[in-house]
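Colleague: Input: one structure, supplied below.
The values are calculated or read from the model by the stated rules, or taken from the named source; none is laboratory data. In this text, all values refer to a predicted model and were calculated from it rather than measured experimentally. Here the Cβ positions follow ideal geometry from the backbone for every residue, glycine too, while neighbour counts run over all protein chains shown. All accessible areas refer to the heavy atoms of the entire protein, side chains included, with ligands and DNA or RNA removed. Shrake-Rupley method; radii C 1.70, N 1.55, O 1.52, S 1.80 Å.
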Amino acid sequence: MVIKLAEQKQKNRARRKNTQPDLDLIAQGVKLIIEGIGEDPNRAGLKGTPHRVAEMYAELTAGMHEDPQQHVIPLPGDKHDEMVIVKDISIASLCEHHLAPFVGKCHIAYIPKGGRILGISKLARLAETFSRRLQLQERLTTDIANTLFDGLKPLGVMVVIEAEHTCMTLRGVRKADAKTVTSAVLGGFRTDPRTRSEAMSLIKGRD
Ligand SMILES: [Zn+2]
């Protein structure tokens, strides 16, 4: 038994090692960017930058190594059958086309089945696990919806994300404040337009 435990620990350690980002490698890349734009990576203000950026990217992609399904565990005891809407969950993600941040709000609505509901913090954790990866807003939206639908088995799920993409607002067409809105609609929300519009108006209501 003792040996097995030790083996398991070693395996876990190896697994963790594989999933740890290589901070030195990221820092090397950042240093090349600094050189590439014609700056001096050795000047005082930039000395620590490659490693700071490496740590930032590691944090912004930490969700790659988390299992999102772990957050979809119904609350024991509490039962509820009416629509649940959690609005304005802040999300920060990285656009996989530019490695530039996009930030915004995620709204999640679902209709429970058999009274099964999730803790509100779990919904926020689910959104965070998928945000902290290289993403497309469209995929982020459907990933959250599908995982909730598969894990909780509710009657319907609707996820709406509104986000500002810095790759769009800071460069190129420079549409400051432009918001991209995506939605994923599953189950009852898809088949029943009335339920869907009820959820939509609750999400849009800014009270
Ligand atoms: Zn982009």
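Colleague: Quick check on my filter: what residues within region 87-96 are within 14 Å of the ligand (Cβ to nearest atom) and in contact with a Cys (Cβ under 8 Å, 6 or more places away or on another chain)?
Modeller: Within region 87-96, just Cys95 meets the criteria.
Colleague: Pairs under 8 Å by beta carbon, first residue among the aromatic types (Phe, Trp, Tyr) in region 143-155, partner open to solvent by less than 20 Å² (accessible area, probe 1.4 Å), six or more apart or different chains?
Modeller: Short answer, once both residue conditions are applied: Phe149/Val157.
Colleague: Given the options Leu126, Leu118, Leu148, name the one that is away from the ligand (no atom under 16 Å from the Cβ) and not in a helix (DSSP H, G or I).
Modeller: Matching residue, one of Leu126, Leu118, Leu148: Leu118.
Colleague: Looking only at region 151-194, filter to residues that are within 16 Å of the ligand (Cβ to nearest atom) and on the phi > 0 side of the Ramachandran plot; which one of those is modelled with the lowest pLDDT?
Modeller: Applying the filter and picking the extreme gives Arg174.
Colleague: Moving on. Please find, within region 172-193, the residue that is surrounded by the most Cβ atoms within 10 Å (Cβ to Cβ) out of those that are under 19 Å from Ser93 (Cβ atoms) and in contact (Cβ under 8 Å) with a residue 40 or more places away in the chain.
Modeller: The qualifying residue surrounded by the most Cβ atoms within 10 Å (Cβ to Cβ) is Ala184.
Colleague: Would you point out the residue of region 43-79, among those that are touching a Gly at 6+ places or on another chain (Cβ under 9 Å) and open to solvent by 80 Å² or more (accessible area, probe 1.4 Å), that is nearest to Pro21 (Cα to Cα)?
Modeller: Ile73
Colleague: Right, next: Any residue in region 97-113 that's away from the ligand (no atom under 13 Å from the Cβ): show its pairings with residues that are hydroxyl-bearing (Ser, Thr, Tyr) and modelled with pLDDT of 95 or more at Cβ separation under 7 Å, as long as the two are six or more apart or on different chains.
Modeller: Once the first residue is away from the ligand (no atom under 13 Å from the Cβ) and sits in region 97-113, its partners that are hydroxyl-bearing (Ser, Thr, Tyr) and modelled with pLDDT of 95 or more give Lys105/Ser90.
Colleague: Among the numbered criteria (1) hydrophobic (A, V, I, L, M, F, W, C); (2) modelled with pLDDT of 60 or more; (3) closer than 19 Å to Ala62 by Cα, which single criterion is violated by Ala14?
Modeller: (2)
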